[in-house]
Amino acid sequence: MNLQSNIADINTPTGIMRTYIHRPIDKAKSDNKYPTILFYSEIFQQTGPIESAAKIMASHGYVVLVPEVFHEHNPIGTVLGYDDAGRDKGNADKAAKDVQGYDTDNAAMIAFAKQQTWYNGSVGAMGFCIGGHLAFRAALQPEIKGTACFYATDLHALTIPNKPGQHSMERLKDISGEMLMIWGKQDTHIPAAGRTEVYNKMAAANLTFTWHEFNAQHAFMRDGDDRYDAQTALICYQLALNLFSRTL
């Protein structure tokens, strides 16, 4: 499918959130409606690899919304570099944002989507790294029918600021959609014990989910990174597309 990209500045309780929209276009029709995917970046916001990944999903018939996840702490349009300075700034932003801020961001994006002519009534979520956690967090919203989480950080540890009882793993009862969890066995950010803890809690909560662990490192989906594994990435995109084709 051909794509069209544009920008929306969405009002949230914590300020304007720039959101990049990638959606299919059909020049023969003006009223096509598509499922929506809330697509969460790494700590660096919408970099080139994140934009490419979002467009891959959009090209399969989805409207993909990519929010600036740390909009409260950066000028609109900020993209951090894949270097030490960008990593330090992104991690500082992550430590500064209360987890409940993501809930209001999610609610604002869903409300925005519902007002658009292209919205077909179905919403899912997807993300990489901290974005994998944010996609998991989005699944707490009742509208989210399917969620794909790629090497989601900070699920196994209370490292993101949150109020008592509000950590994502403490609210599993609020998840009603299907979950897809994808991990790299050689990911030093998420040890085997951490993955096991997440799996056991999700199973105990009787969530509907599939679980895949690949012989890959952290950020193996990031094209251009030394850890990029193109073959495994293609498999994982297909897993996500399978999930969304069934749930959305």
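Do the conditions hold for PRO142, that is, is it surrounded by fewer than 18 Cβ atoms within 10 Å (Cβ to Cβ) and more than 22 Å from VAL69 (Cβ to Cβ)?
For PRO142, the condition - surrounded by fewer than 18 Cβ atoms within 10 Å (Cβ to Cβ) and more than 22 Å from VAL69 (Cβ to Cβ) - is not met.
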Lone unmet requirement of (1) at pLDDT below 95; (2) under 14 Å from the mean Cα position of the chain (by Cα) for HIS156: (2)
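Can you tell me which residue among ASN106, ASN120 is in contact with a Lys or Arg (Cβ under 6 Å, 6 or more places away or on another chain), within 25 Å of GLU143 (Cα to Cα) and polar (S, T, N, Q)?
Matching residue, one of ASN106, ASN120: ASN120.
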In the range 62-77, residues that are surrounded by fewer than 16 Cβ atoms within 10 Å (Cβ to Cβ) and touching a Pro at 6+ places or on another chain (Cβ under 6 Å) total 0
Single residue of the range 33-55 satisfying the filter (surrounded by fewer than 16 Cβ atoms within 10 Å (Cβ to Cβ) and not charged (D, E, K, R)) that is farthest from PHE136 (Cα to Cα): GLY48
What are the residues in the range 78-103 that are under 15 Å from HIS167 (Cβ atoms) and buried (at least 16 other Cβ atoms within 10 Å of the Cβ), if any? LYS94, LYS97, VAL99, GLY101, TYR102, ASP103
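Surrounded by 16 or more Cβ atoms within 10 Å (Cβ to Cβ), over 18 Å from the mean Cα position of the chain (by Cα) and of a type in the set (A, V, I, L, M): is that true of ALA216 in this structure?
Here the answer is yes, as ALA216 does meet what is asked.
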Counting only residues that are touching a Gly at 6+ places or on another chain (Cβ under 8 Å) and either buried (at least 16 other Cβ atoms within 10 Å of the Cβ) or in a loop (DSSP other than H, G, I, E, B) (or both), the range 224-248 contains a total of 5
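The values are calculated or read from the model by the stated rules, or taken from the named source; none is laboratory data. Model, not experiment: these values are computed from the prediction. Cβ sites come from the backbone with ideal geometry, for glycine too, and all protein chains shown count toward neighbours.
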